[in-house]
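Asks: Let me begin by handing over the structure; questions about it come next.
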Amino acid sequence: MNRILTPASRRRFILQTAAAAGSIALPTLALSQGFPARPIRYICPWPAGGSTDAVIRALATSAARSLGQNIIVDNKPGAGGMLGANELVNAAPDGYTLSQLPHGVFRIPHMQKTSFDTLKDFTWIACLTGYTFGLVVPADSPIKSIADLVAWAKANPGKFSYGSTGTGTSPHLAVEEFAQRAGIQLNHVPFKGNADNMQAILGGHTMAASDATGWAPHVEAGKLRLLATYGSKRTKRWPNVPTLDELGYKTVSDSPFGVCGPKGMDPAVVRTLHDAFRRTLDDPAVLAAFDKFDQTVIYMGTEAYTKFARESFEAEKATIERLGLAAKT
């Protein structure tokens, strides 16, 4: 027999149901309201003193003000920028361990075995900016243009050396794609990050360097010459320097990045972190750091950044296979 509720009993039922639902939601609500209760660790998988380190420290300082807790930048250089990804795999999904995930996380798994699954092991919280990459040579080098480089490399196969921030990184793969399209063979020298790469070229140990704009101060000081950048259009700071794409080599790279966490994070914590880092893009100090390294705002929210990750993973698979760098099975 169906039970008929009186108006009084119906009100009691609604209140009891609401209370029960509230008790179920309470742990999540309490977690988000109490977050963050201690300092947050933000991994920079590149050496201290480089361009990425400087930008990440500006982002961390700004986001910390919104969150009311310190954000400690922890440099973990090496392995082509993959050490942050390796640490996120084993980190608790509580929002207290974050990392920059460079574009290499989309391509290196196609080149070698990794400890992480790019599409399953991370939370893509927010994308914030992207690099300007370029190829530089010493100011006294006889190589004064990309045409000079191609001619020299064709006359001296495998002898033109260039440094990058590691095997499988964007500065490495962009040059390899250019070299393949130009029909030349270059000698790649991997480093742990921007600082080491710059030391090598300034010390005369390599003939060129492919990197993000950590080279900018040296170009402006007249120590290095910028031959080309890798964006879809010329930069505002070096408008006379051509892109590899416009020179006919169909090579474009900007590698958007931001802040990521481990898989399984509470959506409320993700939203708190997203909002704090989104506000950094209105901070004059952050924008000044972007300008210093000729970076632009490339914002993607959590949903869009997650979609970008899926699409980039598939696109990089095709690039790695075209360059003949795919892992042998």
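Asks: Can you tell me which residues in segment 238-260 are assigned to a strand (DSSP E or B) and either surrounded by fewer than 16 Cβ atoms within 10 Å (Cβ to Cβ) or over 23 Å from the mean Cα position of the chain (by Cα) (or both)?
Replies: We begin by selecting, within segment 238-260, every residue assigned to a strand (DSSP E or B); these are 243, 256-260.
Across segment 238-260, there are no qualifying residues.
Asks: Continuing with this model, one more query. Which one is nearest to THR306 (Cα to Cα), of the residues in segment 226-237 that are buried (at least 18 other Cβ atoms within 10 Å of the Cβ) and in contact with a Pro (Cβ under 9 Å, 6 or more places away or on another chain)?
Replies: TYR230
Asks: Given the conditions (1) modelled with pLDDT of 95 or more; (2) closer than 28 Å to SER99 by Cα; (3) aliphatic (A, V, I, L, M), report the number of the one that ALA212 does not fulfil.
Replies: (1)
Asks: Next up: Is there any pair with a first residue in segment 170-186 that is over 17 Å from ALA318 (Cβ atoms) and a second that is of a type in the set (D, E, K, R) and buried (at least 20 other Cβ atoms within 10 Å of the Cβ) whose Cβ atoms are under 6 Å apart and which are 6 or more apart or on different chains, and what are they?
Replies: Final answer for the pair search is PRO171/ASP211.
Asks: From the list PRO27, PRO47, pick out the single residue that is modelled with pLDDT under 95, of a type outside the set (S, T, N, Q) and surrounded by 14 or more Cβ atoms within 10 Å (Cβ to Cβ). First the steps, then the outcome.
Replies: Numbers: PRO27 fails: surrounded by 14 or more Cβ atoms within 10 Å (Cβ to Cβ).
Answer to the selection: PRO47.
Asks: For residues that are closer than 22 Å to ILE146 by Cβ and part of a helix (DSSP H, G or I), tally how many sit in segment 176-202.
Replies: 13
Asks: Taking segment 60-80 as the search range and keeping residues that are at pLDDT below 95 and outside any loop (DSSP other than H, G, I, E, B), which one is surrounded by the fewest Cβ atoms within 10 Å (Cβ to Cβ)?
Replies: Step by step, filter segment 60-80, then rank; the result is ALA79.
Asks: Quick one: would you say ARG57 is at pLDDT below 95, among the basic types (Lys, Arg) and either crowded, with 16+ Cβ neighbours inside 10 Å or not in a loop (DSSP other than H, G, I, E, B) (or both)?
Replies: The answer is no for ARG57.
Asks: Just one of the numbered conditions (1) under 26 Å from VAL55 (Cα atoms); (2) touching a Pro at 6+ places or on another chain (Cβ under 8 Å); (3) not small (Gly, Ala, Ser) is not true of ASP148; which one?
Replies: It fails just one condition, (1).
Asks: Something else: In segment 224-237, how many are at pLDDT 95 or above and out of contact with any Phe, Trp or Tyr (no Cβ under 9 Å at 6 or more places or on another chain)?
Replies: Of the residues in segment 224-237, 2 are at pLDDT 95 or above and out of contact with any Phe, Trp or Tyr (no Cβ under 9 Å at 6 or more places or on another chain).
Asks: When you look at ALA315, is it at pLDDT 95 or above, in a helix (DSSP H, G or I) and over 30 Å from GLU220 (Cα atoms), yes or no?
Replies: Answer is no for this residue.
Asks: Oh, and also: For SER210, all conditions in the list (1) among the small types (Gly, Ala, Ser); (2) more than 17 Å from GLN295 (Cβ to Cβ); (3) touching a residue at least 24 places away in the same chain (Cβ under 8 Å) hold save one; what is the number of the exception?
Replies: (2)
Asks: So, one more: Select, from THR235, THR213, THR229, the only residue that is under 14 Å from LEU135 (Cα atoms) and over 19 Å from the mean Cα position of the chain (by Cα).
Replies: One residue alone meets the criteria, THR235.
Asks: So, in segment 65-98, exactly how many residues are hydrophobic (A, V, I, L, M, F, W, C) and free of Cβ contacts under 8 Å to residues at least 24 places away in the same chain?
Replies: Final tally of qualifying residues: 0.
Asks: With out of contact with any helix residue (DSSP H, G or I) (no Cβ under 8 Å at 6 or more places or on another chain) and not hydroxyl-bearing (Ser, Thr, Tyr) as the only criterion, which of PRO142, PRO157, PRO138, PRO190 stands out?
Replies: PRO157
Asks: Could you figure out which of (1) modelled with pLDDT of 95 or more; (2) part of a loop (DSSP other than H, G, I, E, B); (3) among the polar types (S, T, N, Q) isn't true of THR167?
Replies: (1)
Asks: Quick one: would you say ALA309 is in contact (Cβ under 8 Å) with a residue 60 or more places away in the chain and either assigned to a helix (DSSP H, G or I) or among the hydrophobic types (A, V, I, L, M, F, W, C) (or both)?
Replies: yes
The values are calculated or read from the model by the stated rules, or taken from the named source; none is laboratory data. Note that the structure is predicted; figures quoted are calculated from it, not measured. Using ideal geometry, Cβ is built from the backbone for each residue, glycine included, and neighbour counts are taken over all protein chains shown.
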